[in-house]
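S.K.: Can you read through this structure? Questions will come right after.
The values are calculated or read from the model by the stated rules, or taken from the named source; none is laboratory data. No experiment lies behind these values; they were computed from the predicted model shown. Cβ placement follows ideal geometry from the backbone for every residue including glycine, while neighbour counts extend to all protein chains displayed.
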């Protein structure tokens, strides 16, 4: 914890805060303490619609996300839970936050009463299994804590967590035969391949769950300690009772039963990527006692500590709630993937003991390189080095940097190798927690592999659409990786690498069809893919793209916006076409992927390829249009309700866009080290930085109507640029913006004042 964070946190957590004090006067005329920032977080935001957010108990970046699971019914249950549901099958210890593919849901545990049931049952047949109805009126969730009443059993369940341990507390009704099932068969959109459990003593259990899903070969180990001695424990393989208090198979289930039901039962469940013994060690180190309320308090404290890095001031409480919920959602993933003693299992399935860094997994990089990873370089600097170290370890173990890494498994999901951008950005922004030479080797060797169309990029050729799937999307993403690596090579003094990747960075232009005015797929014989309609968002029209149509992909050249402007015919033509993006409409396309959502004309905020698009206006001297659209999207695409996200959260990227935009600036090309100014939402924002420094954004005359920048001061001096540099932010200071209801058409219009 930095000194600055400690000072802020001590202020936040002043006595009485957890009892919910509000602003005003305390006894003796002193100002009342501020409420904890966790009081502004609503984990339900994004739990309906297509947000797919995790709902449950966790700590920042924890390996455990302990929460409720519904019956899995398809895409909108990727996180295991959807707000529109009313039946729970249990409480699992791992979940994904906002992904478009489901997985995990490991070590499902469910308390129930009545006759023995070893299967979750059929949702449409009440009482056919151990599943239970529930109501949101008897459900509560806040950072680090979840509770619900199981209506079919009158059991109240409370959950909290540490980094690697889930803590359960069950309140049973009197006079009922009680059971707790540990169902290792169940998972979210995956299939168990090998499961095992055994009772070690009267209060200790251990086991494993191997599974195949999105992660093709996931290994997870666990251990359980109970607050009461367990004298009745049975093991089932599916519905078949085994003879011993242990068992192995593809559908192993452990059943705890009570002759005399305790009024309260507590379980501590440790997980590990290495062994059950390490899972027990995690329990002993992180939650040695049985004080559930204290662990819940500590979890709240950990969240407050992280949230306190950014302080916002605004009279609009709703905006504060949306902001801190978004900030909360940026710190669920990536999650820890090592034990308390440092051990972890690598992508090669080998155990690496006592690692010198915190190992992480769940790298949704195609999404997160755009804003989430850049956000960490400001508010999570101590984690950036560990994230890069984790990626470099993956490179050593699998021969390339991660594409979309999940629980030690490479899923190869989404086009590009976006980890290159993340490593290059960290180096360019001065992070020193990794060796730059191996980092360059990892980036360079990854971009020199002969797979997924990279050989064409290496030859400065287009990727043929009839040879490689999603050819245009891959080509454009490779150009962003190339541009990022070129900057890193230059900074390292590797001139040949700089020249090679600078040239490759312009390969995105090979996909531009000057007649149609769009990036398009080109076949091996040199002809354009004839299946083309820029407003179509369904297949086969978007086969050459990924989760976007041709209008949305036209702007994906953040590493060379000046080159894109020239490619489209100059600034006037560029602005005209960018304007058209937000006004051209088309009949609904029933076959469009649900990812292409949050539409404004053809702009789609619900998916990531367009997240930088509104900020491109500033490159052509019309920053005011960026400000206008930033305010519109913040107001209309991030409501304060369960449908509060226009698309999947995608491990924090959707929320990271909001955070940056609310702060008033955005990283169009992260490795470039600059942020384009937009329209700050709050009256004042203070960001705690390393070394005790504070970066402050102040707005004068801020209001919903006054969304346009009139003038800017940087540390008291006039500042005419429409961007600010990362290195300047790190020095701390005050960026003061005067706002108005009408655009200042000249702000940032001079070529020297535009981002580049």
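S.K.: Any idea which of (1) surrounded by fewer than 16 Cβ atoms within 10 Å (Cβ to Cβ); (2) touching a helix residue (DSSP H, G or I) at 6+ places or on another chain (Cβ under 7 Å) is the one residue 676 doesn't satisfy?
M.R.: Evaluating residue 676 over (1) surrounded by fewer than 16 Cβ atoms within 10 Å (Cβ to Cβ); (2) touching a helix residue (DSSP H, G or I) at 6+ places or on another chain (Cβ under 7 Å) leaves (1) as the failure.
S.K.: Could you go through segment 503-520 and let me know if any residue there is within 20 Å of residue 673 (Cα to Cα), surrounded by 15 or more Cβ atoms within 10 Å (Cβ to Cβ) and touching a helix residue (DSSP H, G or I) at 6+ places or on another chain (Cβ under 8 Å). Show your work before the answer.
M.R.: Filtering segment 503-520 for residues within 20 Å of residue 673 (Cα to Cα) gives 505-506.
Still in the running and surrounded by 15 or more Cβ atoms within 10 Å (Cβ to Cβ): 505-506.
Filter once more, keeping what is touching a helix residue (DSSP H, G or I) at 6+ places or on another chain (Cβ under 8 Å): 505-506.
Looking through segment 503-520, at least one residue is within 20 Å of residue 673 (Cα to Cα), surrounded by 15 or more Cβ atoms within 10 Å (Cβ to Cβ) and touching a helix residue (DSSP H, G or I) at 6+ places or on another chain (Cβ under 8 Å).
S.K.: Let me ask something else about it. Scan segment 558-582 for residues that are surrounded by 15 or more Cβ atoms within 10 Å (Cβ to Cβ) and outside any helix (DSSP H, G or I) and report the count.
M.R.: 2
S.K.: Still on this structure: Right, residue 259: touching a strand residue (DSSP E or B) at 6+ places or on another chain (Cβ under 9 Å) and at pLDDT below 95 or not?
M.R.: When the stated conditions are applied, residue 259 passes them.
S.K.: When you go through (1) closer than 28 Å to residue 740 by Cβ; (2) over 15 Å from the mean Cα position of the chain (by Cα); (3) touching a residue at least 24 places away in the same chain (Cβ under 8 Å) one by one for residue 658, which number turns out not to apply?
M.R.: Here residue 658 clears every test but (2).
S.K.: Just name the residue that is surrounded by the fewest Cβ atoms within 10 Å (Cβ to Cβ) out of those in segment 331-361 that are in contact with a helix residue (DSSP H, G or I) (Cβ under 6 Å, 6 or more places away or on another chain) and closer than 16 Å to residue 94 by Cα.
M.R.: 360
S.K.: Related question: Which residues, counting only those in segment 443-476, are within 21 Å of residue 488 (Cβ to Cβ) and in contact with a strand residue (DSSP E or B) (Cβ under 9 Å, 6 or more places away or on another chain)?
M.R.: If the condition is that a residue be within 21 Å of residue 488 (Cβ to Cβ) and in contact with a strand residue (DSSP E or B) (Cβ under 9 Å, 6 or more places away or on another chain), then 475, 476 are the ones that fit.
S.K.: Let me ask something else. If you check residue 195 against the conditions, is it crowded, with 16+ Cβ neighbours inside 10 Å and part of a loop (DSSP other than H, G, I, E, B)?
M.R.: Working: crowded, with 16+ Cβ neighbours inside 10 Å: yes; part of a loop (DSSP other than H, G, I, E, B): no.
No.
Table: residues versus (1) closer than 23 Å to residue 268 by Cα; (2) at pLDDT below 95; (3) surrounded by fewer than 20 Cβ atoms within 10 Å (Cβ to Cβ).
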| site | (1), (2), (3) |
| --- | --- |
| 41 | no, no, no |
| 53 | no, no, no |
| 74 | no, no, yes |
| 80 | yes, no, no |
| 90 | yes, no, no |
| 100 | no, no, no |
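S.K.: Among the helices (runs of 4 or more DSSP H) contained in segment 449-516, which hold 3 or more residues that are more than 24 Å from residue 437 (Cβ to Cβ) and modelled with pLDDT of 95 or more? Break it down into steps so the answer makes sense when it comes.
M.R.: Details: elements: 454-458, 471-491, 495-504.
Per the criteria, 471-491.
S.K.: Taking the stated definitions as given, is residue 388 more than 30 Å from residue 532 (Cβ to Cβ), under 18 Å from the mean Cα position of the chain (by Cα) and touching a residue at least 24 places away in the same chain (Cβ under 8 Å)? I'd like the intermediate steps shown before the answer.
M.R.: On the way: more than 30 Å from residue 532 (Cβ to Cβ): yes; under 18 Å from the mean Cα position of the chain (by Cα): yes; touching a residue at least 24 places away in the same chain (Cβ under 8 Å): yes.
In short, yes.
S.K.: Out of 638, 615, report the one residue that is touching a helix residue (DSSP H, G or I) at 6+ places or on another chain (Cβ under 6 Å), in a loop (DSSP other than H, G, I, E, B) and crowded, with 24+ Cβ neighbours inside 10 Å.
M.R.: Working: 615 fails: in a loop (DSSP other than H, G, I, E, B).
Unique residue meeting the criteria: 638.
Listed here are the residues, each with its yes/no results for (1) in contact with a strand residue (DSSP E or B) (Cβ under 8 Å, 6 or more places away or on another chain); (2) surrounded by fewer than 21 Cβ atoms within 10 Å (Cβ to Cβ); (3) within 29 Å of residue 344 (Cβ to Cβ).
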| site | (1), (2), (3) |
| --- | --- |
| 95 | yes, no, yes |
| 136 | no, yes, no |
| 140 | yes, yes, no |
| 149 | yes, yes, no |
| 153 | yes, no, no |
| 156 | yes, yes, no |
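S.K.: For residues that are outside any strand (DSSP E or B) and under 36 Å from the mean Cα position of the chain (by Cα), scanning just segment 231-271, find the one that is surrounded by the fewest Cβ atoms within 10 Å (Cβ to Cβ). Outline the logic, then answer.
M.R.: Here is the first cut: in segment 231-271, the residues outside any strand (DSSP E or B) are 231, 238-239, 242-245, 250-251, 258-263.
Adding the requirement that they be under 36 Å from the mean Cα position of the chain (by Cα) leaves 238, 250-251.
Numbers: 238: 12, 250: 15, 251: 19.
Residue satisfying both the conditions and the ranking: 238.
S.K.: For segment 180-233, what are the residues that are over 25 Å from residue 412 (Cβ atoms), in contact with a strand residue (DSSP E or B) (Cβ under 7 Å, 6 or more places away or on another chain) and free of Cβ contacts under 8 Å to residues at least 24 places away in the same chain? Explain how you work it out, then say what you get.
M.R.: Quick first cut of segment 180-233, residues over 25 Å from residue 412 (Cβ atoms) only: 180-186, 195-208, 221-233.
Right, trim to in contact with a strand residue (DSSP E or B) (Cβ under 7 Å, 6 or more places away or on another chain) and you get 180-186, 195-200, 203-208, 221-228, 230, 232-233.
Scanning segment 180-233 gives a single hit, 200.
S.K.: On to the next question. Answer yes or no as to whether residue 692 is in contact with a helix residue (DSSP H, G or I) (Cβ under 6 Å, 6 or more places away or on another chain), under 21 Å from residue 313 (Cβ atoms) and either free of Cβ contacts under 8 Å to residues at least 12 places away in the same chain or surrounded by 12 or more Cβ atoms within 10 Å (Cβ to Cβ) (or both). Outline the logic, then answer.
M.R.: On the way: in contact with a helix residue (DSSP H, G or I) (Cβ under 6 Å, 6 or more places away or on another chain): yes; under 21 Å from residue 313 (Cβ atoms): yes; either free of Cβ contacts under 8 Å to residues at least 12 places away in the same chain or surrounded by 12 or more Cβ atoms within 10 Å (Cβ to Cβ) (or both): yes.
Criteria met by residue 692.
S.K.: Next question. From the list 475, 433, pick out the single residue that is surrounded by fewer than 22 Cβ atoms within 10 Å (Cβ to Cβ) and in contact with a helix residue (DSSP H, G or I) (Cβ under 6 Å, 6 or more places away or on another chain).
M.R.: Numbers: 475 fails: surrounded by fewer than 22 Cβ atoms within 10 Å (Cβ to Cβ).
It is 433.
S.K.: Would you be able to say whether some residue in segment 378-385 is within 28 Å of residue 463 (Cα to Cα) and within 17 Å of the chain's Cα centre (by Cα)?
M.R.: Taking segment 378-385 first, the residues within 28 Å of residue 463 (Cα to Cα) are none.
No, because not a single residue in segment 378-385 is within 28 Å of residue 463 (Cα to Cα) and within 17 Å of the chain's Cα centre (by Cα).
S.K.: While we're looking at this one, here's another question. On the given criteria, is residue 415 in contact with a helix residue (DSSP H, G or I) (Cβ under 8 Å, 6 or more places away or on another chain), within 18 Å of residue 344 (Cβ to Cβ) and part of a loop (DSSP other than H, G, I, E, B)?
M.R.: On the way: in contact with a helix residue (DSSP H, G or I) (Cβ under 8 Å, 6 or more places away or on another chain): yes; within 18 Å of residue 344 (Cβ to Cβ): no; part of a loop (DSSP other than H, G, I, E, B): yes.
Answer is no for this residue.
S.K.: Checking residue 438 against (1) in contact with a helix residue (DSSP H, G or I) (Cβ under 9 Å, 6 or more places away or on another chain); (2) over 25 Å from residue 668 (Cα atoms); (3) outside any helix (DSSP H, G or I), which single condition isn't satisfied?
M.R.: Here residue 438 clears every test but (3).
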